[in-house]
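Below is one structure; the comments refer to it alone.
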């Protein structure tokens, strides 16, 4: 799919964050769509690891992981507690975990990441492409780091130079991604600016727009169906 037309990026308006409560409506929709979701493409027992978003842990991805396990995927948590957002600390640990899982199973790992977890998943695939088959991101800020997210103000209050962070994120693009990435995003996202989820540099990225809040991405039936379809494909060469 083609990327949306580029626009100036602004962080979400904090006054609009209450709209994220609409994500709770995904639960009844999930129940109504359960029969059709059960008929989604099946997995073939290949390893999948799921990364949670900023400030959350494995509990936040429980619905997604259980669904993928039901479909026959070999699903793994990241097992690192809460995602505290310190990328420099998290990256070496995630690289080691993914590499070990790939070696143990004999198959490259399929990574799914929500929000910051998706950014981390992409960067793991950039560092060790031989151990990663593909990546699926859910509302992940791949442009600017936290600069275009709801927590930007909090970072600035801590004295963090978001322009320097954005430059560091941008510098990593000197090494292009080589594993396929499916980037799911929503214009209804009030936590991450949707434009920051759009990657206009790497040809291996497809963009898929859904109508979900940021908090609803992990249990939206539309998102679950898309993730199931993307993970069910044959191993990437």
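The values are calculated or read from the model by the stated rules, or taken from the named source; none is laboratory data. Keep in mind that what you see is a predicted model, and the values were worked out from it rather than measured. No Cβ is skipped: glycine too gets one built from the backbone with ideal geometry, and neighbour counts run over all protein chains shown.
Among residues belonging to the stretch 104-118 that are assigned to a helix (DSSP H, G or I) and either crowded, with 23+ Cβ neighbours inside 10 Å or free of Cβ contacts under 8 Å to residues at least 24 places away in the same chain (or both), point out the one that is farthest from the chain's Cα centre (by Cα).
104
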> Counting just the residues of the stretch 183-201 that are in contact with a helix residue (DSSP H, G or I) (Cβ under 7 Å, 6 or more places away or on another chain) and assigned to a loop (DSSP other than H, G, I, E, B), which one comes out surrounded by the most Cβ atoms within 10 Å (Cβ to Cβ)?
Replying inline: 193
> Which number in (1) surrounded by fewer than 21 Cβ atoms within 10 Å (Cβ to Cβ); (2) modelled with pLDDT of 95 or more marks the one condition that residue 149 misses?
Replying inline: (1)
> Which one of 24, 64, 90 is within 23 Å of residue 226 (Cα to Cα), within 18 Å of the chain's Cα centre (by Cα) and part of a helix (DSSP H, G or I)?
Replying inline: 64
> Has the stretch 32-45 got any residue that is at negative phi, touching a residue at least 24 places away in the same chain (Cβ under 8 Å) and assigned to a strand (DSSP E or B)?
Replying inline: no
> If you go through the stretch 128-137, how many residues are within 18 Å of residue 227 (Cα to Cα) and touching a helix residue (DSSP H, G or I) at 6+ places or on another chain (Cβ under 6 Å)?
Replying inline: 4
> Of all residues in the stretch 157-175, which are free of Cβ contacts under 8 Å to residues at least 40 places away in the same chain and part of a loop (DSSP other than H, G, I, E, B)?
Replying inline: 158, 159, 160, 161
> In the stretch 202-224, is there at least one residue being over 21 Å from residue 15 (Cβ atoms), assigned to a helix (DSSP H, G or I) and more than 13 Å from the chain's Cα centre (by Cα)?
Replying inline: yes
>> Looking for something within 29 Å of residue 14 (Cα to Cα), in a loop (DSSP other than H, G, I, E, B) and touching a residue at least 60 places away in the same chain (Cβ under 8 Å) - is there at least one such residue anywhere in the stretch 227-236?
In response: no
> Among the residues of the stretch 55-83, how many are surrounded by fewer than 15 Cβ atoms within 10 Å (Cβ to Cβ) and touching a strand residue (DSSP E or B) at 6+ places or on another chain (Cβ under 6 Å)?
Replying inline: 1
> Considering only the stretch 86-103, how many residues are farther than 22 Å from residue 168 by Cα and surrounded by fewer than 11 Cβ atoms within 10 Å (Cβ to Cβ)?
Replying inline: 1
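Being crowded, with 18+ Cβ neighbours inside 10 Å, at pLDDT below 95 and within 28 Å of residue 94 (Cα to Cα) narrows it down to one residue among 11, 47, 52; which is it?
11
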> Within the bounds of the stretch 211-220, is there any residue that is surrounded by fewer than 20 Cβ atoms within 10 Å (Cβ to Cβ) and either closer than 23 Å to residue 40 by Cβ or without any contact (Cβ under 8 Å) to a residue 12 or more places away in the chain (or both)?
Replying inline: yes
